[in-house]
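Participant: Let me begin by handing over the structure; questions about it come next.
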Amino acid sequence: MTATYDVLIPPFNFRVQTDIALVEQNLHTLYGQQVLPEGTLPFIDYHIAVRHSTGLRRWFRPQASFFCDQHEPLKPLHLSQAFAMLEWGMNWTIAAHELQHVIVHSGILAKHNQAILFPAPPGSGKSTMSAYLAFNGWRLLSDEMAVIDPETFEAIPFARPICLKNKSIDLARSWFPDAPFSTVAKDTHKGDVIHLSAPLNEDDRFAPARIKGIVFPKYNPDITDIQITQLNQSQAMHELADNAFNFSLMAHRGFKALTHVVEQADSYHIEYRDAADVKAFLEQEVLEYV
Amino acid sequence: MSQLSRFLQAGVHVHPFSDRSGTVLFNEKTTQMLTVFFTQDKLNQVLSDYSQQIPLSADELSMVKSLIRQEFIYQEPLQQAS
């Protein structure tokens, strides 16, 4: 049986269709009251679906397929990975289509309405650090995609579950035993994967934040103290642009937005072993207290 | 900027960083972006020197060639000016 929901994930409205019970269950667990009956939202930005693959793969080693409108941009995955596929499909959808906002491949969290961008490649510990901050007084704007308004240069929340991998799964479960976790998607191309919903105050769901810092993090288990290197604006721009999905397609607006972000933010490389050290550094050295 | 603009191709935007660490150029036609670790004044000076065939350092020459190759600046005005 196929279920269809409107899912409110500001600044976008999704219509999600699925015939896979695992997807429906995890959608409700992680998005809670953001999952609404079909037709509730006044407009839909993106129509997406995760369905059983057809033909032989419906029954033999069953697979799930992701669709954006009528297109199938991703290769099918094992049925047990269907919810992770929905999340990755949402990422693909925004990265491939969004031209109203500058999209940066980056975690982004805020405190006192001052946001820090964390652009980083896979394996840098970004998501684990984001989870730690999100459950310790910081507001998650996004674990994966920073959405920047090209007119105001502010970060807009696009808060979705945090994607944790492999060793981080047990760590996060020990840190936040009562938090809403998805089922585990085993043996994906990223290893074992789980999604974790971060706490979110209703009042903050739509609240933008000024970007105060750009921090390029790298997890290093072999160091004792956090190591911090400040970047000049040219270095920061060079690295930030490498992580920006669509600024070149937005032409001058995208370029102007990125340069403005770099001008208004302090930028750093950090190597860390303990996420608590990152939190202390940000709160003591980067945020402004009025 | 006005001096620098005589070298730029149409559709090229320039942003000199306020910390004077460098200048970033963006060509909206090719969607190429290039960060050079020269201030805007220094960049203008290097391009002027190149156009007048004043010898440049290896780094400066390399940067000018990159700017030409990546279609941020016109080669012809530089040659005409020389």
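Only the coordinates and a few stated rules stand behind these numbers; no lab work does. Remember, it's a predicted structure, so these values are computed and weren't measured experimentally. Positions of Cβ are generated from backbone atoms using ideal geometry, with glycine treated the same way; all protein chains shown enter the neighbour counts.
Participant: To the nearest 10 degrees, how steeply does helix A:82-97 sit against the main Cα axis of chain A, on a 0 to 90 scale?
Facilitator: 60
Participant: Quick check on chain B: take the gyration tensor over C-alpha atoms, sort the square-rooted eigenvalues as a ≥ b ≥ c, and tell me if it's rounded (a/c under 1.5), prolate or oblate.
Facilitator: Details: a/c = 1.55, a/b = 1.16, b/c = 1.34.
Oblate, since a/c reaches 1.5 and b/c is not below a/b.
Participant: With unit charges on the beta carbon (Lys/Arg positive, Asp/Glu negative), name the residue among A:40, A:29, A:17 whose Cα is farthest towards the positive pole of the charge dipole of chain A.
Facilitator: A:17
Participant: Quote the relative contact order of segment A:3-97 in percent (integer), defining contacts as alpha-carbon pairs under 8 Å separated by 6+ residues.
Facilitator: Here the relative contact order equals 25 percent.
Participant: How much of the DSSP beta bridge set in segment A:3-97 is antiparallel, as a percent to the nearest 5?
Facilitator: On the way: 18 of 23 bridges.
Expressed as a percentage, antiparallel bridges in segment A:3-97 total about 80.
Participant: Among bridges DSSP assigns within chain A, what percent are antiparallel (round to 5)? All intermediate terms of the calculation are to be shown ahead of the outcome.
Facilitator: Details: 46 of 62 bridges.
If I count the DSSP bridges inside chain A, around 75 percent turn out antiparallel.
Participant: Further, regarding this structure: Report the charge-dipole magnitude of chain B in Debye, nearest 20, computed about the Cα centre from +1 at each Lys and Arg Cβ and -1 at each Asp and Glu Cβ. The partial results should precede the final answer.
Facilitator: Numbers: 6 positive and 8 negative charges, 16 e Å.
The dipole magnitude comes to about 80 debye.
Participant: May I ask for the angle, rounded to the nearest 10°, between helix A:251-264 and the longest principal axis of chain A, with both axes built from Cα atoms and the value confined to 0 to 90°?
Facilitator: 50
Participant: Something else now. Any lysines with Cα under 17 Å of the residue A:75 Cα? List them, leaving off those in the same chain fewer than 8 positions away.
Facilitator: The reachable lysines, counting only those whose Cα sits under 17 Å from residue A:75, are A:186, A:190.
Participant: Distance check, please: which entries in A:126/A:165; B:42/B:65; A:256/B:65; A:212/A:256; A:126/A:167; A:167/A:212 exceed 21 angstrom between their Cα atoms?
Facilitator: Values: A:126/A:165 11 Å; B:42/B:65 16 Å; A:256/B:65 25 Å; A:212/A:256 17 Å; A:126/A:167 13 Å; A:167/A:212 31 Å.
As for pairs spanning more than 21 Å Cα to Cα, those are A:256/B:65; A:167/A:212.
Participant: Please give, to one decimal in nm, the separation of the simple spin-label points placed at residue A:190 and residue B:37, each 7 Å out from Cα toward the Cβ.
Facilitator: Using points 7 Å along Cα→Cβ, the separation is 3.3 nm.
Participant: Another question, if that's okay. About the Cα centre of segment A:154-290, what is the dipole size in debye to 20, counting +1 per Lys and Arg Cβ and -1 per Asp and Glu Cβ, all else neutral?
Facilitator: Working: 14 positive and 20 negative charges, 111 e Å.
Roughly 540 debye for segment A:154-290.
Participant: Right, here's the next one. Taking the Cα centre of the protein assembly as shown as origin, sum charge times position over the Cβ atoms of Lys and Arg (+1) and Asp and Glu (-1), and report the length of that vector in debye to the nearest 20.
Facilitator: On the way: 29 positive and 41 negative charges, 167 e Å.
Computed about the Cα centre, the dipole is about 800 debye.
Participant: Could I ask something else about it? Only sites in a loop by DSSP and with at most 15 other Cβ atoms within 10 Å count here; which trypsin sites (Lys or Arg not before Pro) in segment A:34-78 make the cut? Kindly include the intermediate steps, with their values, before the conclusion.
Facilitator: On the way: sites: A:51, A:57, A:58; in loops: none.
Sparse-neighbourhood loop trypsin sites (Lys or Arg not before Pro): none present.
Participant: Kirkwood Rh, Cα Rg: Rg to Rh for segment A:1-140?
Facilitator: Values: Rg = 16.4 Å, Rh = 16.5 Å.
Over the Cα atoms of segment A:1-140, Rg/Rh equals 0.99.
Participant: Among all stretches of chain A without exposed chymotrypsin sites (Phe, Trp or Tyr not before Pro) (DSSP loop, at most 14 other Cβ atoms within 10 Å), which one is longest?
Facilitator: Result, exposed sites excluded: A:61-205.
Participant: How much FRET efficiency would the formula 1/(1 + (r/R0)^6) give for residue A:205 and residue B:65, where r is the Cβ-Cβ distance and R0 is 35 Å, rounded to 0.05? Don't skip to the end; give the middle numbers.
Facilitator: Numbers: r = 50 Å, r/R0 = 1.44.
E between residue A:205 and residue B:65, to the nearest 0.05, is 0.10.
Participant: Once you have the Kirkwood Rh of chain A from its Cα pairs, apply Stokes-Einstein at 10 °C and 1.306 mPa s and quote D in µm²/s. Mind showing how you got there, number by number?
Facilitator: Working: Rh = 19.5 Å.
Result for D is 81 µm²/s.
Participant: Follow-up question, since we're still on this one. Could you name the aspartates and glutamates in cross-link range of residue A:279, using Cα to Cα under 15 Å and dropping any fewer than eight places away on the same chain?
Facilitator: Straight-line reach from residue A:279, under 15 Å: A:225, A:271, A:288.
Participant: Same structure again: Round to the nearest 10 and give me the degree value, 0 to 90, for the angle of helix A:21-31's Cα axis relative to the longest principal axis of chain A.
Facilitator: With both axes taken from Cα atoms, the answer is about 30 degrees.
Participant: Then there's this: From the residues A:83, A:268, A:161, which one has its Cα farthest along the dipole of chain A in the positive direction, the dipole being from +1 and -1 charges on Cβ of Lys/Arg and Asp/Glu about the Cα centre?
Facilitator: Comparing the listed Cα positions along the dipole, A:83 ranks first.
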